[in-house]
Amino acid sequence: MSRTSSTGSTGGTGSEGGSVKRAGGASADVAGPGPVRRGRDGEAVSRFVERFAAQLTDAGMQRMAARVFAQLLASDGGAMTSAELGEALRISPAAVSGAVSYLTQVNMVSREREPGSRRDRYVLHNELWYETFTRRDQILTLWEKTLRDGAETLGPDSPAGARIAETAAFFEFMQAELLALMDRWRTHRATLDLPAR
């Protein structure tokens with residue numbers, strides 16, 4: 001089922017999303033501040049943002065945080081101010097604040113002060129997915145330790161203890177595989193024709 005209607009009055013596709021008309025009838029790309037990049041369709045960018053945000057929401061992320069994250073991801077600089085995010089997504093400053101608070105807490109974005117200004121801007125990490133999955137490794141380590149303690153408490157020969165011990169072993173396996181996967185990704189990335197960061 002399409003989630004387009006879920007954007008409601010807060011933004012999205014259709015008459016509310018995509019581009020903002022400037023003086024003289026020119027369109028500004030909502031995927032980031034500054035003039036629209038030649039050949040880029042602002043409406044198509046907005047549809048991408050809402051589509052990816054809906055998929056992140058389906059995966060469990062808070063809806064407004066998903067929209068803000070997708071908008072940052074679609075900006076060329078990977079950084080936007082609260083006002084720019086609010087204009088692009090048609091949401092209130094309070095909604096932006098709540099979203100970036102969540103994204104900062106889960107280490108998906110960071111807050112920086114604009115040079116020569118009192119305004120903050122919200123920035124994606126350079127190695128966003130690498131850092132995100134590396135932190136998952138830290139979580140898996142914590143879970144594994146707690147689960148092993150639980151299995152010992154319940155008794156490894158009991159059904160509950162055996163179940164929890166198997167779960168701990170699964171997380172141990174996942175941790176080792178994740179670390180190896182991240183190393184392979186960095187090696188693979190070096191072979192790709194990607195722009196320097």
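The values are calculated or read from the model by the stated rules, or taken from the named source; none is laboratory data. As the structure is a prediction and not an experimental result, all values here were calculated from the model. Cβ: placed from backbone, ideal geometry, glycine included. Neighbour counts: every protein chain shown. These area figures cover heavy atoms from the full protein model, side chains too; ligands, DNA and RNA do not enter into them. Shrake-Rupley method; radii C 1.70, N 1.55, O 1.52, S 1.80 Å.
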Selection of trypsin sites (Lys or Arg not before Pro), the range 104-184, meeting DSSP coil and at most 15 other Cβ within 10 Å | 118, 119
Which ³J(HN,Hα) values, rounded to whole Hz and listed in residue order, are derived for the range 72-79 from phi using the Karplus coefficients 6.51, -1.76 and 1.60 in 6.51 cos²θ - 1.76 cosθ + 1.60 with θ = phi - 60°, glycine and proline given as x?
-> 5, 4, 7, 8, 4, x, x, 8
Per-residue HN-Hα couplings for the range 124-132 [Karplus 6.51, -1.76, 1.60; θ = phi - 60°; Hz; x = Gly/Pro] | 6, 5, 4, 10, 3, 6, 4, 5, 4
Expected vector for the range 171-185, Karplus 3J(HN,Hα) from phi with 6.51, -1.76, 1.60 and θ = phi - 60°, integer Hz, x for Gly and Pro, equals 5, 4, 5, 4, 4, 5, 5, 5, 4, 5, 5, 5, 5, 5, 4
Could you sort 101, 75 by accessible area so the largest value comes first, with the probe set to 1.4 Å?
-> 101, 75
Gain in length, residue 81 to residue 178, computed as 0.36 nm per residue apart minus the alpha-carbon separation, to one decimal in nm?
-> 31.6 nm
How would 125, 188 line up by accessible area, probe 1.4 Å, largest first?
-> 188, 125
